[in-house]
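> A single structure is presented below for examination.
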Protein chains: 2
Amino acid sequence: MGKGALALLVHGGTENWSPERWKARFDEVCPDRRVLQLPAADFDPAEIHYAAVWKPDPGELAGFPNLRVIFNLGAGVDALMADSSLPKVPLVRVAVSDLTNRMTEYVVLHVLMHHRQELYLRASQRERQWAPKFQWPANAVSVGIMGLGTLGANAADVLKRIGFRVAGWSRSRRQIDGVECFHGRPQLEAFLRRTDILVCLLPLTADTRHILNRDLFAKLNRNGPVGAPVVINAGRGGLQDEADILACLDDGTLGAASLDVFAREPLPPDSPFWTHPKVVLTPHNAADTDADEISKYVARQIERFEAGGALENVVDPARGY
Amino acid sequence: MGKGALALLVHGGTENWSPERWKARFDEVCPDRRVLQLPAADFDPAEIHYAAVWKPDPGELAGFPNLRVIFNLGAGVDALMADSSLPKVPLVRVAVSDLTNRMTEYVVLHVLMHHRQELYLRASQRERQWAPKFQWPANAVSVGIMGLGTLGANAADVLKRIGFRVAGWSRSRRQIDGVECFHGRPQLEAFLRRTDILVCLLPLTADTRHILNRDLFAKLNRNGPVGAPVVINAGRGGLQDEADILACLDDGTLGAASLDVFAREPLPPDSPFWTHPKVVLTPHNAADTDADEISKYVARQIERFEAGGALENVVDPARGY
């Protein structure tokens with residue numbers, strides 16, 4: 001008997017998640033294993049040992065009696081964790097350097113855009129106004145990163161290198177050289193009080209849903225050079241209270257927002273975010289993943305697992321990430 | 001007798017170097033010291049203990065018999081070092097890290113904006129289009145930096161850290177870890193051929209005037225993920241042939257341009273750069289020096305010096321920097 005098959009359950013959304021692209025990549029890196037792009041006609045659910053998934057439907061993974069490992073092809077596993085029928089097998093998050101690097105590109109770009117007054121400068125250009133305003137240096141700006149996993153730690157490192165004062169907040173205690181680390185709810189307020197530009201990279205769990213709300217925004221630093229504080233959310237749409245963001249932008253509690261994620265995606269055409277002058281909107285493309293690198297990562301993990309080794313980046317069901 | 005006076009020898013150039021601005025700042029941070037903006041009528045050269053200078057004329061500093069320290073308010077001290085009549089007192093560089101860091105902020109921001117398709121994404125937002133396009137990673141993009149002095153080297157280092165393939169070109173041979181270094185006219189073409197995003201930080205000399213012209217743009221790489229190549233000029237306006245830039249943007253030789261400097265500044269209201277959809281324009285504010293921060297720094301150094309402490313960042317005459 002051959003090796004157990006790998007099932008691909010990749011449900012698009014954007015063109016970047018074309019199932020065909022993933023199938024081709026997995027065929028290449030698992031040459032002696034059957035790779036099934038589901039739905040498929042001719043297969044026995046019992047032959048599936050592994051599933052590599054992106055946004056599977058709830059219940060979809062329950063139909064494989066011999067499933068050993070589930071690989072989520074992105075960083076966030078909130079949708080999977082919400083599936084009560086999810087088989088009790090290890091769930092692995094991708095943590096490839098490609099994903100980390102792309103998220104850092106996004107975070108650094110958006111922090112710099114707000115720091116360097118891009119919204120003002122683009123408006124000046126449109127109005128043909130040569131009107132440089134006072135520009136403070138990066139070392140006068142406190143960036144605060146919520147979520148200090150692999151993504152947050154790497155972004156913090158580059159921001160620090162550029163000169164920003166960087167702090168981070170995470171659920172449990174972390175220590176990062178040169179980054180002021182806060183943890184737990186009791187330290188959240190102190191973290192917010194010193195933060196001019198807030199970057200949210202938290203996983204979405206029951207604890208973090210709508211954590212980005214008026215109550216939190218009101219605690220951010222209003223006395224920094226940036227003026228009204230800025231929020232950048234590249235985590236999950238469910239982390240933000242969208243009505244609060246809009247109201248806080250309008251009443252000056254927030255100065256600006258960069259949003260890559262939304263409660264509903266694609267963002268409906270009538271959303272006020274599209275046209276809000278203080279919103280920099282991106283279509284959930286902060287950290288697209290590279291099928292090349294991720295398929296290799298999954299193949300490597302399967303090989304190691306079958307040789308009796310340990311899986312990496314297994315989700316802790318208790319924490320939810 | 002009061003404290004020795006501080007002489008300001010600030011010879012403008014751009015509006016950002018207004019002597020009046022510096023005088024006001026120094027008056028504020030040295031409240032109990034006479035601050036003289038030279039040339040001035042009513043003063044005794046012997047009362048001058050300190051000089052804070054920007055582009056002083058050769059010999060200008062030789063006229064103060066009691067001079068104790070010279071503070072240079074800009075990046076390079078090469079002009080000062082070439083002044084054979086320069087008094088043999090400590091020469092302190094104050095602006096280097098601030099200026100360097102600000103230029104790196106600008107360069108990293110604009111490289112990332114073009115890399116991450118910001119012109120496209122802002123247009124999509126205006127049109128309420130949720131339409132992510134394929135996003136290549138930084139390690140697929142070759143950034144080329146013309147000018148590998150302190151500014152270019154620092155920007156190169158951060159871009160490398162973010163993941164870009166970084167090369168540099170300079171007049172004379174340079175070596176920077178992890179950066180492919182080209183030098184001299186004979187190697188210029190090879191440098192351009194591998195460059196997707198070109199960053200120009202060259203000084204303006206007879207050799208470099210209008211170096212950014214059609215001939216040069218035509219040699220840039222057209223086969224990278226960025227597509228048509230991008231030029232970013234944060235050096236001097238005189239480095240660019242402005243008619244060539246516009247024509248090359250229009251015929252597709254260039255895909256986009258970030259311009260901080262122009263032949264005429266302020267840019268005239270009828271310049272086509274203001275409204276060109278492929279131009280990201282900033283009002284010569286890439287690397288403002290912060291009179292606030294620098295004047296405070298100088299005041300702090302003088303205080304420490306008079307209390308018997310050591311000066312920071314004293315130029316080593318043997319090294320020349």
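The values are calculated or read from the model by the stated rules, or taken from the named source; none is laboratory data. Bear in mind the structure is a predicted one, so any value in this text is a computation, not a measurement. Don't worry about glycine lacking a Cβ; one is built from the backbone with ideal geometry, like all the others, and counts go over all protein chains shown. Accessible surface is based on the protein model in full, side chains and every heavy atom, while ligands, DNA and RNA are left aside. Shrake-Rupley method; radii C 1.70, N 1.55, O 1.52, S 1.80 Å.
> Given the stretch A:11-95, what strands (runs of 3 or more DSSP E) lie entirely inside it while holding 1 or more residues that are of a type in the set (Phe, Trp, Tyr)?
Those strands (runs of 3 or more DSSP E) span A:48-54, A:69-72.
> In the stretch B:269-291, what residues are touching a strand residue (DSSP E or B) at 6+ places or on another chain (Cβ under 6 Å) and open to solvent by less than 10 Å² (accessible area, probe 1.4 Å)?
Within the stretch B:269-291, B:PHE273, B:VAL279, B:VAL280, B:LEU281 qualify.
> May I ask you to list the residues in the stretch A:164-175 that are under 25 Å from A:LEU204 (Cβ atoms) and open to solvent by less than 30 Å² (accessible area, probe 1.4 Å)?
Those that are under 25 Å from A:LEU204 (Cβ atoms) and open to solvent by less than 30 Å² (accessible area, probe 1.4 Å): A:VAL166, A:ALA167, A:GLY168, A:TRP169, A:SER170.
> Please enumerate the residues belonging to the stretch A:268-291 that are closer than 13 Å to A:GLY74 by Cα and out of contact with any helix residue (DSSP H, G or I) (no Cβ under 6 Å at 6 or more places or on another chain).
The answer is A:HIS284, A:ASN285.
> While we're looking at this one, here's another question. What residue, among those in the stretch A:250-265 that are without any contact (Cβ under 8 Å) to a residue 40 or more places away in the chain and either among the aliphatic types (A, V, I, L, M) or not in a loop (DSSP other than H, G, I, E, B) (or both), is nearest to A:LEU220 (Cα to Cα)?
Top of the filtered list is A:LEU254.
> I'm told B:PRO266 meets every condition in (1) more than 14 Å from chain A (Cβ to nearest Cβ); (2) open to solvent by 70 Å² or more (accessible area, probe 1.4 Å); (3) under 20 Å from the mean Cα position of the chain (by Cα) except one. Can you identify the failing condition by its number?
The failed condition is (1).
So that you can scan it fast, the table gives a plain yes or no per residue for (1) under 19 Å from the mean Cα position of the chain (by Cα); (2) surrounded by 17 or more Cβ atoms within 10 Å (Cβ to Cβ):
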{"position": "B:ILE211", "(1), (2)": "yes, yes"}
{"position": "B:ARG214", "(1), (2)": "no, no"}
{"position": "B:ALA218", "(1), (2)": "no, no"}
{"position": "B:ASN223", "(1), (2)": "no, no"}
{"position": "B:ARG236", "(1), (2)": "yes, yes"}
{"position": "B:LEU239", "(1), (2)": "yes, yes"}
{"position": "B:GLU242", "(1), (2)": "no, yes"}
{"position": "B:ILE245", "(1), (2)": "no, yes"}
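> Something else about it: In the stretch A:72-117, what count of residues is obtained for those that are among the basic types (Lys, Arg) and more than 14 Å from chain B (Cβ to nearest Cβ)? Working first, answer last.
Step one: filter the stretch A:72-117 for residues among the basic types (Lys, Arg), giving A:88, A:93, A:102, A:116.
From what's left, more than 14 Å from chain B (Cβ to nearest Cβ): A:88, A:93.
Residues that pass the stated criteria total 2.
> While we're on this one: Is one or more of the residues making up the stretch B:208-228 under 22 Å from A:ARG116 (Cβ atoms) and of a type in the set (A, V, I, L, M, F, W, C)?
Yes: the stretch B:208-228 contains one or more residues that are under 22 Å from A:ARG116 (Cβ atoms) and of a type in the set (A, V, I, L, M, F, W, C).
> Could you list, in sequence order, the residues of the stretch A:44-57 that are at pLDDT 90 or above and either surrounded by 14 or more Cβ atoms within 10 Å (Cβ to Cβ) or of a type outside the set (Gly, Ala, Ser) (or both)?
Selection gives A:ASP44, A:PRO45, A:GLU47, A:ILE48, A:HIS49, A:TYR50, A:ALA51, A:ALA52, A:VAL53.
> Suppose the filter is more than 24 Å from B:ARG21 (Cβ to Cβ) and open to solvent by 10 Å² or more (accessible area, probe 1.4 Å); does B:GLU306 pass it?
yes
> Could you figure out which of (1) open to solvent by less than 50 Å² (accessible area, probe 1.4 Å); (2) of a type outside the set (Ser, Thr, Tyr); (3) within 14 Å of chain A (Cβ to nearest Cβ) isn't true of B:GLY255?
(3)
> When you go through (1) open to solvent by 20 Å² or more (accessible area, probe 1.4 Å); (2) modelled with pLDDT under 95; (3) acidic (Asp, Glu) one by one for B:ASP98, which number turns out not to apply?
(1)
> Restricting to the stretch B:190-205, name every residue that is surrounded by fewer than 16 Cβ atoms within 10 Å (Cβ to Cβ) and either in contact with a His (Cβ under 9 Å, 6 or more places away or on another chain) or farther than 16 Å from B:VAL230 by Cα (or both).
Within the stretch B:190-205, B:ALA190, B:PRO203, B:LEU204, B:THR205 meet the criteria.
> Only one of A:PRO277, A:PRO272 is more than 15 Å from A:GLU242 (Cβ to Cβ), more than 19 Å from the chain's Cα centre (by Cα), more than 9 Å from chain B (Cβ to nearest Cβ) and in a loop (DSSP other than H, G, I, E, B). Can you tell me which?
A:PRO277
> Go through the stretch B:288-308 and give me each residue that's assigned to a loop (DSSP other than H, G, I, E, B), more than 9 Å from every other protein chain (Cβ to nearest Cβ) and touching a residue at least 12 places away in the same chain (Cβ under 8 Å).
Correct list: B:THR289 only.
> If you check A:ARG126 against the conditions, is it farther than 30 Å from A:ASP316 by Cα and touching a residue at least 40 places away in the same chain (Cβ under 8 Å)?
Taking the combined requirement at face value, the residue does not satisfy it.
> Take the stretch B:139-150 and flag every residue that is within 14 Å of chain A (Cβ to nearest Cβ) and either touching a residue at least 60 places away in the same chain (Cβ under 8 Å) or buried (at least 21 other Cβ atoms within 10 Å of the Cβ) (or both).
Once the filter is applied, which keeps residues that are within 14 Å of chain A (Cβ to nearest Cβ) and either touching a residue at least 60 places away in the same chain (Cβ under 8 Å) or buried (at least 21 other Cβ atoms within 10 Å of the Cβ) (or both), the stretch B:139-150 yields B:ALA140, B:VAL141, B:VAL143.
> When you go through (1) open to solvent by 20 Å² or more (accessible area, probe 1.4 Å); (2) aliphatic (A, V, I, L, M); (3) without any contact (Cβ under 8 Å) to a residue 24 or more places away in the chain one by one for A:LEU86, which number turns out not to apply?
All conditions are met except number (3).
> So A:CYS200 clears everything in (1) within 14 Å of chain B (Cβ to nearest Cβ); (2) touching a strand residue (DSSP E or B) at 6+ places or on another chain (Cβ under 9 Å) except one condition, right? Which one?
Unmet condition: (1).
> Go through the stretch B:55-69 residue by residue and tally those that are in contact (Cβ under 8 Å) with a residue 40 or more places away in the chain and within 19 Å of B:PRO19 (Cβ to Cβ).
Taking the stretch B:55-69 as the starting set, the residues that turn out to be in contact (Cβ under 8 Å) with a residue 40 or more places away in the chain are B:55-57, B:60-61, B:64, B:66, B:68-69.
Add one more test, that the residue is within 19 Å of B:PRO19 (Cβ to Cβ), and what stays is B:55-57, B:60-61, B:64.
Matching residues across the stretch B:55-69 total 6.
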